[in-house]
Amino acid sequence: MGRAILIIGGAALLVGVWIFSILDAAQSDRGLVRTLPKGAWLVVLILFPLLGSVLWFWLGRPPKSRYGSFGAPVEKPVVAPDDDPEYLRFLEARARREKQDRERKGLKNPADTERADPQDPEDPDHKPEDGSSS
């Protein structure tokens, strides 16, 4: 009994793969099918079910598309910001712009933009010019 179930299940699986490969070949775009013309693939699939299905998936099936079912675009996998080339380009461009802005203003150190007025007595780093301490 167990052997019969395995034989029937295996046969059903092979028939399912065979039918799927025929339908897949029939629905594939003629210009994207590889190795043989689309009609030749259908003949191979019908005459040699098992071998034809294996060859179809290995040599004839079109490459994967950017689009999923019903033409919906496939989502890009989530990428960490430090691995995302677009984000890294953005950061480099921003650093260049900031450097150019500092050079135009005549500042050499990025910390100079945040520093208070050197003559400001309220600045904790301010030292009087006469040498006396406060």
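Readers should treat all values here as calculations from the given coordinates under stated rules, not as data from a laboratory. It should be emphasised that the depicted structure is a prediction, and the values quoted were computed from it without experimental measurement. Cβ coordinates were reconstructed from backbone atoms using ideal geometry, including for glycine residues, and neighbour counts include every protein chain displayed.
In table form, for the structure just shown:
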item: Distance in nm between pseudo-label sites at Thr35 and Arg96 (7 Å out along the Cβ direction from Cα); result: 4.7 nm
item: Surrounding net charge for Ala25, when Lys and Arg each add one and Asp and Glu each subtract one, Cβ distance under 10 Å; result: +1
item: In Hz, Karplus ³J(HN,Hα) per residue of the range 36-44 (6.51, -1.76, 1.60; θ = phi - 60°; x = Gly, Pro); result: 10, x, 4, x, 5, 5, 5, 5, 4
item: Label-point separation in nm, Leu51 to Glu86, each point 7 Å along Cα→Cβ; result: 4.8 nm
